[in-house]
Structure formats: structure tokens, C-alpha cells
Amino acid sequence: MRVLILSDIHANLAALEAVLDDAQELGFEETWCLGDIVGYGPDPNECIDRLRQLPGKLLAVAGNHDWAALGRLSIEDFNPEARRAVEWTREKLTPRHRVWLEELADQPIELGRYTITHGSPRYPIWEYILTPSIAQSNFEHFSTPYCLVGHTHVPIIYRLAEDQGSDRRCRALLPVQDRFIELKGAHRLILNPGSVGQPRDSDPRASYAILDTDQDLWLYRRLPYPIELTQAKMREAGLPERLIARLSYGW
């Protein structure tokens, strides 16, 4: 089965539409969404609707911005621009879209050989896996061979060798784009598909992945989208200029 892997859409409908157009050409039967569907961007309700219209089963977990928009997470630790975006999103969400977000899983979900979560299996909503040392600490918090995470907005793979006689340090592997990567091996992996709506690896193109669960194959994809369309909507909504500008630079 081919699965569409999305994360950190952040209410960016133009980016989501570009990703879906691309993914439909490749083909997929299910969609797994790793959280932060809303927040920052101008189209929270529209992005939720678009996800719910996708063919096949949709499985999604909650992210910190999804929780913040529901008032389930304090925004005191958010930077001022992010707080303003959360407050705007709270006002923008309709009751039915709020109900849908409230039903998202707030704990990791096991799906055969895969675990999906937002931040980390240890702290699903908030922890950032930004380094091999943080990744290594998290391997003991899931039992499947592979764990899919989002939250950092950076596509990456963390590998921990299973052979007790080898170097047991976790290593970070840079993604290879546009060809399937074989996941099987004497190791366990944490994989991040990057962000659909707000990449932060100095590449403004939308990022996502396709997973073949029958053969354990992983495909990274990057593609441009009409950033100026999202930026115009954000300005019209009165969202912070820094959040608007960062989309052009991927930071």
C-alpha cells in the first residue's frame, strides 16, 4: 500500500494543493498526517476540509498548534508572532472544524511496522527531535521498526543500528529526493517528511513523502507552490509580516 505522508501543513492551502496534485500522479491509498494542520497560515478551515475530501483512509495526530488553537495548550512559550497567529486561528475556526481537531489523537498511533506522532514518541505534542542525541533517547519510547514524526519542519532520517556489536550511536541521514529509499536493514529509523506549509531548512518548496508499506520504501518529494498567493491571503488577514516573509526563504 502507498501512503501519503503529510506534516505541518499550517493552514497553507496553496502548498497543500500543490502537494496533493503531485501525490495523485504518484498514487496513494491512504493518508497519514503528522499534525499541525492549522496555525500560522490563512486557511485553517479550508485545509481541514481538503484533507477530509481525500480518497481512502485518513489518519491524523494532533500537533502543538492544533492544540493551541483549541486552547488545550498555553501559548505563553510561543513567540509574539506565533501567539498572534494562534489567536487569529482561534477566531477563524468554525465550530465543526474545531470539533474535528478535538478528535485528533494526542498519543502515538501504531500502524503495523510504523508509529506516527507529531513531536516525538516520548513527548508527542511538544518535543522537537533536532539532534541525533534527542533521537537516540526516543528510540526506547516506541517498539516498531520505524517512527514518523514532524514538528521540526525539516526532512531528515535518524538511524540507530540494531547490531549490539556495532557502534550504537544514532546518526542523522540527509534525505535523498525523488527516488525510493529502502528502509529495511539491521536498524531502526525515525523519519521526518518535512513541512508542507512552512519548511525551515532554507528551501521554501513544500516537502512531503510517499511510503510504500508493502516494501518498506520511502520517497521524499519537494516542489514549488505559489507562495505569493498564501502571502497575499496572510496580509489580507492581518497576520504578522515576519510569518509572511519567512515563507519566501524557508526559515
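Brief remarks on what is shown
- Added length on full extension, which subtracts the Cα-Cα distance from 0.36 nm per residue, residue 228 to residue 76: 51.7 nm
- By DSSP, the beta bridges lying fully in the chain are antiparallel in about 60 percent of cases.
- Gain upon complete extension [residue 83, residue 126; 0.36 nm per residue less C-alpha separation]: 13.9 nm
- Calculated P(r) of the range 144-251 - Cα pairs past 22 Å, %: 41 percent
- Hull-based mean projected area of the chain, where the convex hull spans the alpha carbons, in square nanometres: 12.3 nm²
- Extension gain, residue 215 back to residue 107 (0.36 nm per residue minus Cα-Cα distance, nm): 36.3 nm
- Applying 1/(1 + (r/R0)^6) with r as the Cβ-Cβ distance of residue 237 and residue 141 and R0 = 35 angstrom yields a FRET efficiency of 0.40.
- Placing unit charges on each Cβ (+1 for Lys and Arg, -1 for Asp and Glu) gives the range 2-246 a dipole about its Cα centre, and among 45, 118, 133 the Cα reaching farthest toward its positive end belongs to 133.
- Anchor residue 92: lysines whose Cα lies under 24 Å away (excluding residues fewer than 8 positions away in-chain): 233
Every read-out reported here was derived from the displayed coordinates using simple, explicitly stated rules and does not represent laboratory data. Fair warning: this is a prediction, and the values are worked out from it, not measured in the lab. In this analysis, Cβ positions are derived from the backbone assuming ideal geometry, glycine residues included, and neighbour counts consider all displayed protein chains.
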